[in-house]
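Chemist: Let me give you the structure first, and then I'll get to my questions.
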Amino acid sequence: MEGQMSTFQERLRHLVGIDTGADNPAGRDEAAATIAEWARLIGCTSELVPGQEGMHVVASLEGGGEARIILLCHHDTVFPVGTAAARPFEVREDRAFGPGVADMKGGIVLALMSMAYLSARARPFASLELHSVPDEEPRGVPFATLDRVRGADAALVLECGRENGDVVVGRKVGCWLRMTASGRSAHAGTHPEEGRSAVLALCREVLRCDEMNDLREGLTVVAGTIAGGTSPNVVPDSAEARFDIRAVNSEDRAWAVTEMANHLPYDGVSLAVEQGDAWPGIEPTPAGDTLFSEARRLGLAVGMTVGGQISGGASDGCFTAQAGIPTLDGLGPVGGFDHSPDEYLLLSSVSGRCGVLAGLIESVGRGLLDEGAG
Ligand SMILES: [Zn+2]
């Protein structure tokens, strides 16, 4: 294990040393080529699939079983060119630091570590496929290679484990919504009574919608922007707010949107809501529950308590889940403070998480999710 840990750290240092933000396509392709090469070294068929945002890595290990299992990663980060030089990879005590160390370069190296372990064993799967995409962070639509994973038996996503060691059993669905109010303008000094304030009506609606938080478990409704009026001396005839809505499942989201549209009456002011971008989540399913219970069991076997939590943030696992593939997320090493200079990865979590991932792959290969199993 010591040798594997030094390989883990060397590789992580290497990947973290390449800037792979949205402004550096060359860096993203360099990282992709590196990952593909490491996969080749453990016996994978490695392919670089070109897409609009650069190379996608697809690396497969063949086995003698029947299941197709996807390990889903992304090699881009949110950090601009120069960050790797300014904040190079560094280890202090049990923590590794550097841009993308947890989100999710540590996850990529962990996926390869599990594949290397399994390559020397029975391989009870038809194929174990590492997919690393170059553009997860800025994208709100499915990744370009989604068609290549359709029909897979499970997708295991290597975003980092939560700070307490939890995996991500679900991700909330979400959407944006615009609410507009139209009233009647009037001189604020001479004839305020003739005006009908759109700002006032909208403010009352924002407060009403705020009361919806947690009316369904996990539901969040946030007014992110509000604007209205033209000048302090005019009763405002228009106002607009934009909301972010997140829910554990799509039924709750639909319910929230309907409730928000069902506004109170305002004399002389009309209101309209319009739903904007919507995105999928990882909604609860029996297969998802089975994957989580198995991760928990495997964790306990190596003395690790693995809890499950629902995240409000999105990942590419939302698209595999939407495609009907049982998906479990947050299987990377434990880490935190993603997207900030304090981002870290807990090195002592690596070997246990590697064991859980390899065990999950073997269990799915041996029929964990087959109809009637369990
Ligand atoms: Zn990520």
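Chemist: Just the residues that are away from the ligand (no atom under 16 Å from the Cβ) and of a type in the set (D, E, K, R), please, taken from region 123-162.
Modeler: 123, 129, 147, 148, 150, 153
Chemist: Tell me, please, whether a residue that is within 20 Å of residue 217 (Cα to Cα) and free of Cβ contacts under 8 Å to residues at least 24 places away in the same chain can be found in region 265-283.
Modeler: no
Chemist: Could you list all residues from region 289-307 that are assigned to a helix (DSSP H, G or I) and in contact with a strand residue (DSSP E or B) (Cβ under 7 Å, 6 or more places away or on another chain)?
Modeler: 291, 292, 295, listed by residue number.
Results for (1) part of a helix (DSSP H, G or I); (2) within 16 Å of residue 131 (Cα to Cα); (3) not hydrophobic (A, V, I, L, M, F, W, C), shown as yes or no for each residue.
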{"residue": "7", "(1), (2), (3)": "yes, no, yes"}
{"residue": "12", "(1), (2), (3)": "yes, no, no"}
{"residue": "21", "(1), (2), (3)": "no, no, yes"}
{"residue": "28", "(1), (2), (3)": "yes, yes, yes"}
{"residue": "34", "(1), (2), (3)": "yes, yes, yes"}
{"residue": "37", "(1), (2), (3)": "yes, yes, yes"}
{"residue": "57", "(1), (2), (3)": "no, yes, no"}
{"residue": "61", "(1), (2), (3)": "no, yes, no"}
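Chemist: With the requirement that a residue be in a loop (DSSP other than H, G, I, E, B) and either within 16 Å of the ligand (Cβ to nearest atom) or of a type outside the set (Asp, Glu) (or both), what does region 87-107 give you?
Modeler: Residues satisfying the conditions are 87, 88, 89, 98, 99, 100.
Chemist: I've got another one for you. Please identify the pairs in which a residue from region 88-108 that is closer than 13 Å to residue 339 by Cβ has its Cβ atom under 7 Å from the Cβ atom of a residue that is basic (Lys, Arg) and surrounded by fewer than 24 Cβ atoms within 10 Å (Cβ to Cβ), counting only partners at least 6 apart or on another chain.
Modeler: Hits for this filter: 99/87.
Chemist: Please give the number of the condition residue 263 fails out of (1) part of a loop (DSSP other than H, G, I, E, B); (2) within 23 Å of the chain's Cα centre (by Cα).
Modeler: (2)
Chemist: In addition: List the residue pairs whose Cβ atoms are under 8 Å apart, where the first residue sits in region 329-351 and is away from the ligand (no atom under 16 Å from the Cβ), the second is in a strand (DSSP E or B) and among the basic types (Lys, Arg), and the two are 6 or more positions apart or on different chains.
Modeler: Partner pairs satisfying both residue conditions: 346/95; 347/95.
Chemist: Might you let me know whether region 222-233 holds any residue that is free of Cβ contacts under 8 Å to residues at least 12 places away in the same chain, on the phi < 0 side of the Ramachandran plot and of a type outside the set (S, T, N, Q)?
Modeler: no
Chemist: Tell me, which residue of region 23-38 that is under 16 Å from residue 104 (Cβ atoms) and crowded, with 18+ Cβ neighbours inside 10 Å is farthest from the chain's Cα centre (by Cα)?
Modeler: Checking each candidate, the answer is 38.
Conditions (1) hydrophobic (A, V, I, L, M, F, W, C); (2) at negative phi; (3) in contact with a Cys (Cβ under 9 Å, 6 or more places away or on another chain), marked per residue:
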residue: 318; (1), (2), (3): yes, yes, no
residue: 324; (1), (2), (3): no, no, no
residue: 330; (1), (2), (3): no, no, yes
residue: 338; (1), (2), (3): no, yes, yes
residue: 345; (1), (2), (3): yes, yes, yes
residue: 350; (1), (2), (3): yes, yes, no
residue: 356; (1), (2), (3): yes, yes, no
residue: 359; (1), (2), (3): no, yes, no
residue: 369; (1), (2), (3): yes, yes, no
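Chemist: Kindly provide the set of residues from region 123-148 that are surrounded by fewer than 22 Cβ atoms within 10 Å (Cβ to Cβ) and hydrophobic (A, V, I, L, M, F, W, C), ordered by number.
Modeler: Once the filter is applied, which keeps residues that are surrounded by fewer than 22 Cβ atoms within 10 Å (Cβ to Cβ) and hydrophobic (A, V, I, L, M, F, W, C), region 123-148 yields 126, 141, 144, 146.
Chemist: Exactly one of (1) in contact with a Phe, Trp or Tyr (Cβ under 6 Å, 6 or more places away or on another chain); (2) without any contact (Cβ under 8 Å) to a residue 12 or more places away in the chain; (3) not aromatic (Phe, Trp, Tyr) is unmet by residue 10. Its number?
Modeler: For residue 10, the exception is condition (1).
Chemist: Looking only at strands (runs of 3 or more DSSP E) that fall completely inside region 143-224, which ones have 1 or more residues that are more than 30 Å from residue 133 (Cβ to Cβ)?
Modeler: Details: elements: 154-157, 167-171, 173-182.
It comes to 173-182.
Chemist: Another question about this same structure. Does residue 98 qualify as being of a type in the set (Gly, Ala, Ser) and crowded, with 24+ Cβ neighbours inside 10 Å?
Modeler: yes
Chemist: Here is a list: 110, 72. Which entry is surrounded by 24 or more Cβ atoms within 10 Å (Cβ to Cβ), within 16 Å of the ligand (Cβ to nearest atom), farther than 23 Å from residue 25 by Cβ and not polar (S, T, N, Q)? Spell out the reasoning first.
Modeler: On the way: 72 fails: farther than 23 Å from residue 25 by Cβ.
Residue meeting the stated conditions: 110.
Chemist: Right, here's the next one. Would you confirm whether or not region 163-185 contains a residue that is in contact with a strand residue (DSSP E or B) (Cβ under 8 Å, 6 or more places away or on another chain), within 16 Å of the ligand (Cβ to nearest atom), modelled with pLDDT under 95 and closer than 27 Å to residue 249 by Cβ?
Modeler: Yes: region 163-185 contains one or more residues that are in contact with a strand residue (DSSP E or B) (Cβ under 8 Å, 6 or more places away or on another chain), within 16 Å of the ligand (Cβ to nearest atom), modelled with pLDDT under 95 and closer than 27 Å to residue 249 by Cβ.
The values are calculated or read from the model by the stated rules, or taken from the named source; none is laboratory data. Just so it is clear, the model here is predicted, and its values are computed rather than measured. Don't worry about glycine lacking a Cβ; one is built from the backbone with ideal geometry, like all the others, and counts go over all protein chains shown.
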